[in-house]
1. If you take the Cα atoms of the chain, find Rg, then find the Kirkwood Rh from the mean of 1/r over all pairs, what is Rg/Rh?
2. Which length gain, in nm to one decimal place, applies between E217 and T250 when the Cα-Cα distance is subtracted from 0.36 nm times their residue separation?
3. Once both labels are modelled 7 Å past Cα along the beta-carbon direction, what's the S136-A57 spacing in nm?
4. Counting pairs of alpha carbon atoms under 8 Å apart in space and at least six apart in sequence, what relative contact order in percent does segment 183-339 give?
5. Taking Cα atoms of segment 139-292, Rg/Rh with Kirkwood Rh, to two decimals?
6. Restricting to the chain, what percent of DSSP beta bridges are antiparallel, rounded to 5?
7. Report, in degrees rounded to the nearest 10, the 0 to 90 angle that the Cα long axis of helix 281-290 makes with the longest principal axis of the chain.
8. Taking Cα atoms, how many degrees apart are the long axis of helix 145-158 and the longest axis of the chain, rounded to 10 and kept between 0 and 90?
Amino acid sequence: MIVAMHGQATEENIQQVIERMVELGFNVHRTTGAAQTILAGVGTPEHFEVAEFKVLAGVYDAYRISSPYKLAGRSFRPEGTTVTFPNGVIVGGREVVVMAGPCSVESREQILTSAKQVSAAGAKFLRGGAFKPRSSPYSFQGMGLDGLKLLREVSDETGLLVITEVMEISQIELMLPYIDCFQVGARNMQNFNLLRELGHVRKPVLMKRGIAATIEEVLLSAEYILSGGNYNLMLCERGIRTYETYTRNTMDISAIPVLKKLTHLPVLGDPSHGVGIRDLVPPMALASVAAGADGLLMEMHPNPDKAMSDGAQSLYPEQLQKLMTQLQQLAPVVGRTIG
Ligand code: PEP
Ligand code: MN
């Protein structure tokens, strides 16, 4: 149930409503916006009447929400969520935020060169996996803690933020000092124990869509993180598996406006994993922004032909540079800014 309070409701009115909701068995999440206070009741009490709340003092409206993702649903925060990072970068506002870098951290030289190129192109985040979920156990598994340290070092040097993938609960504490944003990979979108733990940290999380996940499943997974109290959450469309084999995955551009409609969370596009072929990445990046994406997560490597993972879908540095120029031209057309 959602209870929207009047703009003029007093604190006493609000407390009275909260008390009644708690009495009925709801877990209450309160959002105090500039215009009004929203109370979201999570839980399924056996008996309650929405009508009872509609007539309480200070209540503007109350309604049942039938969708199973109460905290992720748009109605919880109709104005939309913004995620603010330490250096003032905001995801979910007017600016389309670009996150770029190699698939994996491979060496100091590789990640430092990447950071310089990513920063020169105007991106705000450096991406790069230190822990890699590879389809084969014999493929490069990532540099681990050494990779995290390198990410932090070169990002500080170039003024970038760090986003990197967390694969299991035991890595969370280890990662906290080195990163600005946790990335939950497609393969872990339904690792519910991991999601629950990420609900208990206050560091932002970007959660990717699973390779065969429906939009409702994406939102239910988001609910695991939100219900722990971590609202610094962003979603990311990264392609799904279909019968098409020409591209690595099928980039579901339509998921972007659908998610923007259903949830208040920022939505990003990852065209690199979306298509898996570097020359198709720029058009899909432009399409993502045209469709309403709040940001892009893309792979770029100083020397993609020598990359230890995902070289075929990694942009050459000049391609990223050129794409950023095109994005700058497109952004105002859809009411956004970039870089
Ligand atoms: C990645 O970003 O390198 C990655 C492994 O992505 P995904 O989880 O979308 O496959
Ligand atoms: Mn990759």
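The values are calculated or read from the model by the stated rules, or taken from the named source; none is laboratory data. The shown structure was predicted, so the numbers you read here are calculated from the model rather than taken from an experiment. Don't worry about glycine lacking a Cβ; one is built from the backbone with ideal geometry, like all the others, and counts go over all protein chains shown. Heads up: the accessible areas ignore ligands, DNA and RNA and are worked out on the full protein's heavy atoms, side chains in. Shrake-Rupley method; radii C 1.70, N 1.55, O 1.52, S 1.80 Å.
1. Values: Rg = 20.9 Å, Rh = 20.7 Å.
When Rh is taken as the Kirkwood radius, the ratio is 1.01.
2. Difference between extended and current length: 10.1 nm.
3. The answer from the label model is 7.1 nm.
4. Normalised by residue count, the contact order of segment 183-339 is 16 percent.
5. Ratio of gyration radius to Kirkwood radius: 0.97.
6. Taking every DSSP beta bridge with both residues in the chain, the antiparallel ones total about 35 percent.
7. 20 degrees
8. Orientation of helix 145-158: about 90 degrees from the principal axis.
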